[in-house]
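**Student:** The structure that follows is given in the form of structure tokens.
The values are calculated or read from the model by the stated rules, or taken from the named source; none is laboratory data. None of the values given here were measured: they were computed from a predicted structure. Positions of Cβ are generated from backbone atoms using ideal geometry, with glycine treated the same way; all protein chains shown enter the neighbour counts.
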Amino acid sequence: MRGFNAIKALAVFALSGVSCFTLAQEQPVRYIGVDDSLGLLHNVHVNVFDDVDGGCWTNVDAVENRVISKLEQAGVRTYDEHLAFYNGFSALLSVSALGYRDGSSTCIGYLTYDIKKLADTEFNRANDEPFSVKVVGVIYEKGQLLSGGGNLNDRLLSQVDSWTDELIAKIYKGRRQGDVAHLIEAMQDLTEEPLTEVRFQELLEEAMSSE
């Protein structure tokens, strides 16, 4: 019963957007800004959305694989399912294209690429120094109108490739920022592999069945 209550408490804290490690704060909070907060990312749920008609985008899997490959090589774990908690160390990456083939057989599409963090997060175990990552919503965003004959495959792949390189560079730069480096060092357990939403539900069901 105690285990189940602990898990329920963890879920409530996560849903309220506050880290379960937040304690009473007696010291001034040190804030990590939007750009620097990218340096905290260790886990990314990758979603690729294809809303392009007319056979204008046929290499969706190649684009998704390129994003995943580059992030994994950079030390960022990727997932194709929802994570249980999106704290400062985890986020949602969406690649989406909307497009069509016009009357002259030209493909026209708009590509978006963004990273979202879904909760404000406060940490208070970094040598008793409270840190706050106060960013809910988009923390990295790109968009580009593309057009061309044939299809948009090469243009889409090239653009996503470029943005992923830029994202990785920002992650590396953010990790050199003093407060980010300090928080990562102090809370290494949060950089470990996170719970997925499915696994979290399984743990809840196991706890309930063991009452």
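**Student:** Scan region 188-199 for residues that are modelled with pLDDT under 80 and farther than 22 Å from residue 140 by Cβ and jot them down.
**Tutor:** Those that are modelled with pLDDT under 80 and farther than 22 Å from residue 140 by Cβ: 188, 189, 192, 193, 195.
**Student:** If a residue has to be part of a strand (DSSP E or B) and closer than 30 Å to residue 103 by Cα to count, how many in region 26-84 make the cut? I'd like the intermediate steps shown before the answer.
**Tutor:** Initially, region 26-84 is screened for residues part of a strand (DSSP E or B), giving 30-31, 43-52, 77-79, 83.
Still in the list and also closer than 30 Å to residue 103 by Cα: 48-52.
Matching residues across region 26-84 total 5.
Matching residues to (1) modelled with pLDDT of 95 or more; (2) loosely packed, with under 13 Cβ neighbours inside 10 Å:
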| site | (1), (2) |
| --- | --- |
| 117 | no, no |
| 121 | no, no |
| 155 | yes, no |
| 159 | yes, no |
| 175 | no, no |
| 181 | no, no |
| 186 | no, no |
| 209 | no, yes |
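**Student:** Take region 64-110 and flag every residue that is over 20 Å from residue 145 (Cα atoms), among the hydrophobic types (A, V, I, L, M, F, W, C), surrounded by 22 or more Cβ atoms within 10 Å (Cβ to Cβ) and out of contact with any His (no Cβ under 8 Å at 6 or more places or on another chain).
**Tutor:** Across region 64-110, the qualifying residue is only 85.
**Student:** Give me the pairs: first residue in region 96-116 and part of a loop (DSSP other than H, G, I, E, B), second residue at pLDDT 95 or above, beta-carbon distance under 8 Å, and six or more apart or on different chains, which are they?
**Tutor:** Within 8 Å, the pairs are 102/108; 106/147.
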